[in-house]
Amino acid sequence: MWVSRRTDYATRAILTLSLEGGGPLKLEEIARRTAVPQSVLEQVMPTMRTAGVVRSERGPAGGYRLNKDPSEITLERIVRLFQGPLAPISCATRHNPEPCPMMVGCTLRDVWEEVRDATISLLGGVTFADLAKRAGGPWLDPALIAPVPNPSPTT
């Protein structure tokens, strides 16, 4: 399974909010703490707000905060939000699998379903509270975040 950058950035944002302990964080601060471009967070955070994972508060003391306790938010929830189905191939999805002429007696499908189930089991068993407990380095000290090199301009 390949995790998209948006998924990666969303999980970083949720982990940062999990480490914050309740108070709202401004988008600029989340971007700084996660080494994620603010412009991408401006796209990612509304998706998570619509899904009920985070909420936003307006005003000078506003920002984003988790809508639930980190122990109630699984890595599976966030990955599914941005990746969609977790099956590695469309014929192995649990809901509305894509028809396949090889379906009857297909030995490949069994393996793809095992991959799907293992992925769901692993991601569903990890909460952001778990991840926050294991966090170290730049997650706890943003001064340790390595600067992201700017791409060289093309001429």
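Within the range 124-134, the set of residues being assigned to a helix (DSSP H, G or I) and surrounded by 18 or more Cβ atoms within 10 Å (Cβ to Cβ) comprises Phe128, Leu131, Ala132.
Kindly indicate whether any position in the range 50-57 is of a type in the set (A, V, I, L, M), in contact with a strand residue (DSSP E or B) (Cβ under 9 Å, 6 or more places away or on another chain) and touching a residue at least 40 places away in the same chain (Cβ under 8 Å). There is at least one residue in the range 50-57 that is of a type in the set (A, V, I, L, M), in contact with a strand residue (DSSP E or B) (Cβ under 9 Å, 6 or more places away or on another chain) and touching a residue at least 40 places away in the same chain (Cβ under 8 Å). Against the numbered list (1) crowded, with 17+ Cβ neighbours inside 10 Å; (2) out of contact with any helix residue (DSSP H, G or I) (no Cβ under 9 Å at 6 or more places or on another chain), Val36 comes up short only at (2).
Kindly indicate which of Leu75, Leu81 is of a type outside the set (Phe, Trp, Tyr), more than 19 Å from Leu19 (Cα to Cα), modelled with pLDDT of 90 or more and surrounded by 15 or more Cβ atoms within 10 Å (Cβ to Cβ).
Numbers: Leu75 fails: more than 19 Å from Leu19 (Cα to Cα).
Among Leu75, Leu81, only Leu81 is of a type outside the set (Phe, Trp, Tyr), more than 19 Å from Leu19 (Cα to Cα), modelled with pLDDT of 90 or more and surrounded by 15 or more Cβ atoms within 10 Å (Cβ to Cβ).
When Thr119 is tested against (1) touching a strand residue (DSSP E or B) at 6+ places or on another chain (Cβ under 6 Å); (2) modelled with pLDDT under 95; (3) part of a helix (DSSP H, G or I); (4) of a type in the set (S, T, N, Q), exactly one condition is not met: (1).
Are any residues in the range 65-113 of a type outside the set (Asp, Glu), outside any helix (DSSP H, G or I), more than 20 Å from Val44 (Cβ to Cβ) and out of contact with any helix residue (DSSP H, G or I) (no Cβ under 6 Å at 6 or more places or on another chain), and if so, which ones? Can you show your working first?
Going through the range 65-113, the residues of a type outside the set (Asp, Glu) turn out to be 65-68, 70-71, 73-75, 77-97, 99-109, 111-112.
Now drop any that are not outside any helix (DSSP H, G or I), which leaves 65-68, 73-74, 84-89, 93-97, 99-106.
Filter again for more than 20 Å from Val44 (Cβ to Cβ), leaving 87-89, 93-97, 99-106.
If the condition is that a residue be of a type outside the set (Asp, Glu), outside any helix (DSSP H, G or I), more than 20 Å from Val44 (Cβ to Cβ) and out of contact with any helix residue (DSSP H, G or I) (no Cβ under 6 Å at 6 or more places or on another chain), then Thr93, Arg94, His95, Asn96, Pro99, Pro101, Met102, Met103, Val104, Gly105, Cys106 are the ones that fit.
Whenever a residue of the range 103-128 is touching a residue at least 24 places away in the same chain (Cβ under 8 Å) and within 15 Å of Arg80 (Cβ to Cβ), its partners that are assigned to a helix (DSSP H, G or I) and charged (D, E, K, R), lying with C-beta atoms within less than 6 angstrom and at least six residues away or across chains, give the pairs Leu123/Glu76; Gly124/Glu76.
Step by step: first the residues of the range 9-33, then only those that are surrounded by 14 or more Cβ atoms within 10 Å (Cβ to Cβ) and acidic (Asp, Glu), then the one that is modelled with the lowest pLDDT. Which residue is that? Among those that are surrounded by 14 or more Cβ atoms within 10 Å (Cβ to Cβ) and acidic (Asp, Glu), it is Glu20.
The values are calculated or read from the model by the stated rules, or taken from the named source; none is laboratory data. This one's a predicted model, so the numbers in the text were calculated from it and none came from an experiment. Neighbour counts run over all protein chains shown; Cβ positions are idealised from the backbone, glycine included.
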